[in-house]
Structures are given as structure tokens and as C-alpha cells.
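Single-structure report; data block below.
The values are calculated or read from the model by the stated rules, or taken from the named source; none is laboratory data. Given the structure is predicted, the values throughout are model-derived calculations rather than measurements. Positions of Cβ are generated from backbone atoms using ideal geometry, with glycine treated the same way; all protein chains shown enter the neighbour counts.
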Amino acid sequence: MCEHLNKQNGAKQILPATTLDSSNMISKKDENKHQEQQVSSSNCSWRNPEDENLRRGMLLLLRNMLFSNEAAIMKMMNDKTYQERNEYKATLLRKLELHLYQSASSLEDYANIGTLYKRIRTIALKAIESP
């Protein structure tokens, strides 16, 4: 039997319930695919399809954290078109958010902004170490 956290849980209020900027973050098709991945890989634990607003807030937070220095991104991807850069950034954000969501032991751990930088750094170090 699955256990789902109550919507009134205090952790739900750490990130604002917001919608994504429709310009380049996630199309409806990608959003549906993302949600299907989330549900199919959840192993019926604490994860809940109703967490989508929280996850959207996390995506916005990650975008602001990782891409606040747009000039550095432009230098790294100088040979790419504007559309290719936006697609790369959106894909990177979706994969990072999905990894954070799936690897968290609870909704509180996932939404804990105090440990977010450390968790992102751990993911990056594992990605560098793996072939």
C-alpha cells in the first residue's frame, strides 16, 4: 500500500506553488512525459503525482541557481544556436530535478533548500566520476 503525504504538510510550503514559464522550460508534451516517468519510477513510496506544483517550483529554483550567469553559459555553448542552448538547459534541468526527486527519501528531503546545493554537487561529482 502506498503512503502519500498530506497536502497540508509544512514541506509543501517551502517552495511556492507556481507554474513554469512557457517560453522554454517544459512543453505540455514534455511535462506529460516527465510526469509519466515520475509515476512509473516511484515504486509506490512517498512520491505522489500531486507533487507537480512543488516540482515546478523546484525547476524554477534550479534554473535560477544554475543559469543565473548567462554569459558563462553562452561561452560554454558558443557553437550552439539559441534554440539548441535552450533545449540543452531544459533537458539538463528536467534530468537534475528528476534525479533529486527520485533519490530523496521523503518529500521533506526533496524540498529542503538548505541541502539543495550539496545534493546538486554530489550528483555532479558522481557524473564526473562515472565513465
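Scanning segment 120-131 for residues that are more than 16 Å from ASN64 (Cα to Cα) and in contact (Cβ under 8 Å) with a residue 12 or more places away in the chain yields a single hit, ILE123.
For segment 25-131, the helices (runs of 4 or more DSSP H) that sit wholly inside it and include 2 or more residues that are modelled with pLDDT under 90 are 28-40, 52-66, 70-76, 82-103, 116-129.
Scanning segment 69-94 for residues that are within 16 Å of the chain's Cα centre (by Cα) and surrounded by 14 or more Cβ atoms within 10 Å (Cβ to Cβ) turns up ASN86, TYR88, LYS89, ALA90, LEU92, LEU93, ARG94.
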